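Here's the structure we're looking at; comments come further down.
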Amino acid sequence: MKTIVYVDMLFLVNFIINMILLKITEIFLRYKSGTVRICLSSAIGAVYAVCMFFPKIDFLYIFPFKMAISVVMVIIAYPKFGFVKTIRSCAVFYLVSFTFAGILLALIYFTDFADGTSPVVKNGIFYFDISLWALVAASAIAYLVIKIASAVFSRNKLLGIRSLCITLSGRECTIPALSDTGNLLTDPVTNSSVVIAEKSELEILFPDGVPDLSYPAESKVRIRVIPYSSLGNEQGMMLGFVPDRITVDGKVARDVVVGISEKALSSANEYNALFNPNILNQNRRL
């Protein structure tokens, strides 16, 4: 079945799509743009799409011009951004656009969203005769896909081996530590997160010996007794202490207790401490 392209519908569909893409981009940029700017930017993109059927200006649809029009749309929609943030905004806009296009093509392929019509390809631009609710469905799915991917990526960035520095009474030690979201151990008295470190790595902090259960009560070091459970040890007790300061790759961690592990934490000795990355987002001070 031959597809008939109506200029007014082509403009309207592209205008709506551009608005959707810009609004989703706005959400990920955490920036609130004005409605007039979003509409103006969307209209420019829609006019550009309509002009693709004019043969005498097909030179406008080579790669540099396509890039330029998208940058212009971003600048109009988000005018207060500097150069670096504008480039970042363009990258987010393209990510949203490509995800949206892929999902829309999948919906057209697996469903009857295109109403049985054939796509029109002109100057590298696709046109489908699809319903408004199909656009809304594709937009919602694209948003969810990007949101989930962004959350997974952010989580993975937090994981890995980091440099953990513990300061106590003017002394400090630096330990390779594994960022582990599964470490949910907390001090039952203060509800502070517990960083677990191997006893041998903490010796430099305690010239008179690393604390144990016989550690003198009058010591200036604030001692904690932390109950825990683990595989093969359902009920255990771990001694801990409150440091003066803990940093992870130079970032200060708040409201943290250091638990002393008698055993090695890594069989390959790749790391000697465990911490939950959420300690870098806590605001309470000791």
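The values are calculated or read from the model by the stated rules, or taken from the named source; none is laboratory data. Remember, predicted model here, so these are calculated numbers, not experimental data. Neighbour counts run over all protein chains shown; Cβ positions are idealised from the backbone, glycine included. Accessible surface is based on the protein model in full, side chains and every heavy atom, while ligands, DNA and RNA are left aside. Shrake-Rupley method; radii C 1.70, N 1.55, O 1.52, S 1.80 Å.
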Exercise for the section: Please enumerate the residues belonging to segment 70-84 that are surrounded by 14 or more Cβ atoms within 10 Å (Cβ to Cβ) and over 16 Å from Arg37 (Cβ atoms). Expected result: none
Fill in the blank from the handout: Log entry, pairs with first residue in segment 77-93 being outside any helix (DSSP H, G or I), second being among the hydroxyl-bearing types (Ser, Thr, Tyr) and open to solvent by less than 90 Å² (accessible area, probe 1.4 Å), beta carbons closer than 7 Å, six or more apart or on different chains, reads Tyr78/Tyr31; Tyr78/Ser33; Tyr78/Ser89; Phe81/Ser89
Practice task
Output the residues belonging to segment 235-251 that are open to solvent by less than 40 Å² (accessible area, probe 1.4 Å), touching a residue at least 12 places away in the same chain (Cβ under 8 Å) and in a strand (DSSP E or B).
Solution key: Met238, Leu239, Gly240, Phe241, Ile246, Thr247, Val248
Problem - Condition check for Thr174: β-branched (Val, Ile, Thr), at pLDDT 75 or above and closer than 30 Å to Leu29 by Cα - result: no
Completion exercise
Pairs returned, first residue in segment 57-71 that is over 16 Å from Ser97 (Cβ atoms) and at pLDDT 70 or above, second residue that is outside any helix (DSSP H, G or I) and not charged (D, E, K, R), beta-carbon separation under 9 angstrom, 6 or more apart or interchain, are Leu60/Phe54; Leu60/Asn123; Ile62/Asn123; Ile62/Gly124
Problem - Residue, nearest to Met19 (Cα to Cα), within segment 98-112, restricted to residues that are buried (at least 19 other Cβ atoms within 10 Å of the Cβ) and modelled with pLDDT of 75 or more - result: Phe100
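To keep it simple, each residue is scored yes or no on (1) closer than 16 Å to Arg224 by Cβ; (2) at pLDDT 90 or above; (3) of a type in the set (D, E, K, R).
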| site | (1), (2), (3) |
| --- | --- |
| Val258 | yes, yes, no |
| Lys263 | no, no, yes |
| Asn269 | no, no, no |
| Asn272 | no, yes, no |
| Asn278 | no, no, no |
Problem - Residue list for segment 24-50, restricted to those being not in a helix (DSSP H, G or I) and not small (Gly, Ala, Ser) - result: Arg30, Tyr31, Lys32
Practice task
Count, please, the residues in segment 166-192 that happen to be under 20 Å from Ser266 (Cβ atoms) and part of a strand (DSSP E or B).
Solution key: 8
